[in-house]
1. How high is the relative contact order of segment 82-144? Use alpha-carbon pairs under 8 Å, at least six apart in sequence, and give a whole percent.
2. Is the shape of segment 1-132 best called rounded, prolate or oblate, per the rule: a/c under 1.5 gives rounded, else a/b larger than b/c gives prolate, else oblate, with a ≥ b ≥ c the square roots of the Cα gyration tensor eigenvalues?
3. Relative to the Cα centre, what is the charge dipole magnitude of segment 1-81, using +1 at the beta carbon of each Lys and Arg, -1 at the beta carbon of each Asp and Glu, and rounding to the nearest 20 debye?
4. Sort D78, D117 by Cβ crowding within 10 Å, fewest neighbours at the top.
5. Within segment 42-71, name every residue whose backbone N is under 16 Å away from a label modeled 7 Å from Cα of A8 along the Cβ vector.
6. Measuring from a point 7 Å past the Cα of A76 along Cα-to-C-beta, which residues in segment 46-62 have an amide N at less than 11 Å?
7. Report the extension gain between V50 and S29 in nm, rounded to one decimal, defined as 0.36 nm multiplied by the number of residues separating them, less their alpha carbon distance.
8. Can you put M13, M86 in order, fewest other beta carbons within 10 Å first?
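Every read-out reported here was derived from the displayed coordinates using simple, explicitly stated rules and does not represent laboratory data. All figures in this text were calculated on a predicted structure; none of them were measured in a lab. Quick reminder, even Gly has a Cβ in these numbers, built from the backbone with ideal geometry, and neighbours come from all protein chains shown.
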Amino acid sequence: MAVELTPAVFASMKSLAQTAASRAYIPYSRFPVGAALQLKDGTLIPGCNVENVSYGLSNCAERTAIYAALAQGYQAKDFANLLIYMPGGRLYSPCGACRQVIAEFFAAEAEVIATCDTEQQQRWQVAELLPASFQFAPAQEIPS
Ligand code: THU
């Protein structure tokens, strides 16, 4: 069930994501990203990107927010939608790795909203971001 994203909630999520982006650990890319995950109870959870000298270990803002929510005891059934903020005057879409993780925890019709430093925004449903996503078959369906 999609939770309605009112203009006031949108503004709060964007503000939280911008603050999170200001805390990003980005010595390599210098590209800060912030995320705000809205839970169905209205709680907002921030995330930022955290890079590593071994570049492949870097964690995107979207995944940081999702993992933080899980660490706080929330579950997939509690997740409503996810906003991302990337600085500048254009919109970016989530990376492939994040799409797979988003698909793991959000309903197919949940919304992902991209924002930037202008009033522009773009919204996708999770199923649009990762169509025909891999679904793990129950063990008894796997041929031995
Ligand atoms: N990044 C995110 O945090 N989210 C995305 O969806 C795309 C990329 C981060 C990873 C890296 O720290 C920086 O942006 C440049 O790719």
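1. 36 percent
2. rounded
3. 120 debye
4. So the ranking, lowest neighbour count to highest, is D117, D78.
5. Output list for this probe position: 42-44.
6. Output list for this probe position: empty.
7. So the chain would gain 6.5 nm between V50 and S29.
8. Going from least to most buried by this count: M86, M13.
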